[in-house]
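No value in this document is a laboratory result; all are computed from the given coordinates. Please read all numbers here as calculations on a predicted model, not as lab measurements. Methodologically, a virtual Cβ is constructed for each residue, glycine included, from the backbone with ideal geometry; neighbour enumeration extends over all protein chains shown.
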Amino acid sequence: MNRLSTRNGPAELVRSDWTRAEAEALHALPLPELIHRAQEVHRFFFDPAEVETASLLSVKTGGCPEDCGYCSQSAHFDTGVKASKLMRTDEVIAQARAAKAAGAGRFCMGAAWSSPKDRDLDRVCEMVAGVKALGMQACVTLGKLTRDQAGRLADAGLDYYSHNIDTSPEYYSEIITTRTMQDRFDTIAHVRAAGIHVCCGGIVGMGEAVSDRLGLLLTLASFDPHPESVPINMWNEVAGVPVAQRAEPPDPIAFARLVAVARILMPRSIVRLSAGRAGMSDELQALCFVAGANSIFVGNVLLTTRNATRDRDAEMLDKLGMRTTVAGAADALRHAAVAG
Ligand code: SAM
Ligand code: DTB
Ligand code: SF4
């Protein structure tokens with residue numbers, strides 16, 4: 001394999017035809033070489049001292065009809081999460097305002113639905129418009145969408161739709177039986193067609209093999225264009241779900257390798273260290289930032305599980321001498337890099 005060089009322009013770096021052999025070869029590199037290559041591409045598109053911050057809120061929790069085997073919110077499993085109705089718009093906007101005051105630039109709203117009902121989507125569109133009116137970027141994750149629903153969200157001003165493929169195509173049916181990976185591709189296509197940015201990633205630590213982790217990244221990297229934002233979740237433990245029986249967190253160095261491979265396969269995408277940060281050492285997170293991760297969720301909870309606390313994040317980023325940027329600034333930076 002040819003060594004990547006920053007002398008190559010973006011056209012050579014941004015590809016949707018990566019082969020499994022190439023991904024395996026990258027993954028097997030000596031760690032310093034892998035990190036060096038990830039840094040090369042990272043610096044081509046991003047400022048390596050910057051990490052983007054986004055804030056999450058569960059606007060409709062629990063009672064979900066899907067059977068995702070990792071999730072606290074599925075009605076199929078007894079996890080102790082209490083189901084609640086869709087929040088009121090004013091309550092959500094109050095939380096967005098608080099997140100903005102705490103420094104977040106993007107506000108992501110999650111709903112435990114298989115897909116939104118049109119009546120519920122009216123209210124979500126109001127929430128999106130309210131978040132935009134605060135000057136924040138808006139992201140939602142609501143499950144499957146029709147083309148028409150994606151268009152309505154775009155009209156409300158939505159910046160990002162988050163819809164993960166979760167794992168490799170080969171491991172997928174071990175984890176979810178109520179919707180297919182093709183259903184997810186269809187929703188992502190509707191989101192793209194509506195002109196909304198795509199946030200799409202997956203989870204590791206659910207008992208999958210290394211080949212599945214690479215299969216997940218290769219599937220994401222085969223998208224043309226790549227998802228603008230790629231969340232990499234380490235499974236956050238939930239008692240009572242099937243994944244709890246088979247979960248095995250990747251070794252920390254193996255996790256950092258995956259982040260580096262994600263950065264190289266999808267050079268212009270924001271790579272977000274998502275769930276699982278509460279259990280990660282500062283050293284592992286630092287290694288992931290060096291490997292090309294450049295976004296985190298901030299706030300003490302994610303949707304229903306814990307996150308690294310704000311205080312701990314502030315202390316860690318201070319030690320690393322890294323700056324937080326509001327979501328969107330990094331987008332502008334990489335677009336400038338491509339234009340220039
Ligand atoms: N119901 C919507 C859907 O799945 O399309 C949106 C919400 S769902 C909770 C968003 C994503 O969070 C999932 O696709 C999954 O990748 C991730 N996730 C859920 N539970 C998790 C856990 N315990 N640990 C890590 N990631 C998790
Ligand atoms: C993503 O990939 N991770 C976030 C966001 N997208 C919506 C969600 C993580 C959820 C972790 C489990 C929970 O808190 O319920
Ligand atoms: Fe429902 Fe989303 Fe959880 Fe799956 S991941 S059970 S769709 S809330």
Completion exercise
Amide H proximity to S115 below 5 Å, modelled H, separation 5+ or other chain, gives K144
Exercise for the section: Work out, in µm²/s and without decimals, the Stokes-Einstein translational diffusion coefficient of the range 61-116 at 25 °C, 0.890 mPa s, Rh from Kirkwood over C-alpha pairs. Expected result: 192 µm²/s
Practice task
Please find the FRET efficiency linking S222 to S173, where r is the Cβ-Cβ separation and R0 is fixed at 22 Å, and quote it to the nearest 0.05.
Solution key: 0.70
Problem - In order through the range 67-83: 3J(HN,Hα) via Karplus (6.51 cos²θ - 1.76 cosθ + 1.60), integer Hz, x for Gly, Pro - result: 10, 4, x, 10, 9, 5, 9, 6, 6, 6, 10, 8, 10, x, 7, 7, 6
Practice task
Name the long-range amide H neighbours of V301: under 5 Å, sequence gap of 5 or more, or other chain; modelled H, no Pro or chain starts.
Solution key: N307
Fill in the blank from the handout: Taking the alpha-carbon centre of each part, the distance from the range 223-271 to the range 280-299 in Å is 12 Å
Fill in the blank from the handout: Simple spin-label estimate for A239/S211, 7 Å along Cα→Cβ, in nm, reads 3.6 nm
Practice task
State, to one decimal in nm, how far the label point of D251 lies from the label point of E33, with both points 7 Å from Cα in the Cβ direction.
Solution key: 1.8 nm
Completion exercise
Given 123-130, 303-310, the highest-first ranking by average Cβ count within 10 Å works out to 123-130, 303-310
Completion exercise
Unpartnered Cys in the chain, judged by a 4.7 Å Cβ-Cβ cut-off, are C64, C125, C199, C200, C288
Problem - Helical contribution to [θ] at 222 nm, DSSP H n ≥ 4, -39,500 (n - 2.57), averaged over the chain, rounded to 500 - result: -12500 deg cm²/dmol
Handout entry: Peptides ranked, highest mean first, by Cβ atoms within 10 Å: ranges 279-288, 25-34
Key = 279-288, 25-34
Practice task
Starting from the Cα gyration tensor of the chain, take the square roots of the eigenvalues, sort them a ≥ b ≥ c, and report rounded, prolate or oblate (rounded when a/c is under 1.5, otherwise prolate if a/b is larger than b/c, else oblate).
Solution key: rounded
Handout entry: Anisotropy class of the range 123-162 from Cα gyration tensor, a/c 1.5 cut
Key = prolate
Exercise for the section: Apply 1/(1 + (r/R0)^6) to the Cβ-Cβ distance of D17 and F185, taking R0 = 22 Å, and write down the FRET efficiency to the nearest 0.05. Expected result: 0.80
Exercise for the section: Apply the Karplus parameterisation 6.51 cos²θ - 1.76 cosθ + 1.60, with θ equal to phi minus 60°, to every residue of the range 234-244 and state each ³J(HN,Hα) to the nearest whole Hz, in sequence, with x for glycine and proline. Expected result: 8, 3, 8, 4, 9, 6, x, 9, x, 4, 4
Exercise for the section: For a quick protection proxy, order the peptides 40-53, 203-216 by their average other-Cβ count within 10 Å, most packed first. Expected result: 203-216, 40-53
Completion exercise
For the range 97-222, the Kirkwood Rh over every pair of distinct alpha carbons, in Å, works out to 15.4 Å
Practice task
Calculate the length of the line joining the C-alpha centroid of the range 182-210 to that of the range 97-123, in whole Å.
Solution key: 18 Å
Exercise for the section: Give the angle, between 0 and 90 degrees and rounded to the nearest 10, that separates the Cα long axis of helix 118-133 from the longest principal axis of the Cα atoms of the chain. Expected result: 60 degrees
Practice task
Work out from phi, with θ = phi - 60° and the Karplus expression 6.51 cos²θ - 1.76 cosθ + 1.60, the ³J(HN,Hα) of each residue of the range 93-108, listed in order in whole Hz, and give x for Gly and Pro.
Solution key: 5, 4, 5, 5, 4, 5, 5, 5, 4, 7, x, 7, x, 10, 10, 10
Completion exercise
Sorted by chain and number, the residues with a modelled amide H under 5 Å from that of V271, at a separation of 5 or more or across chains, are V230, N294, S295
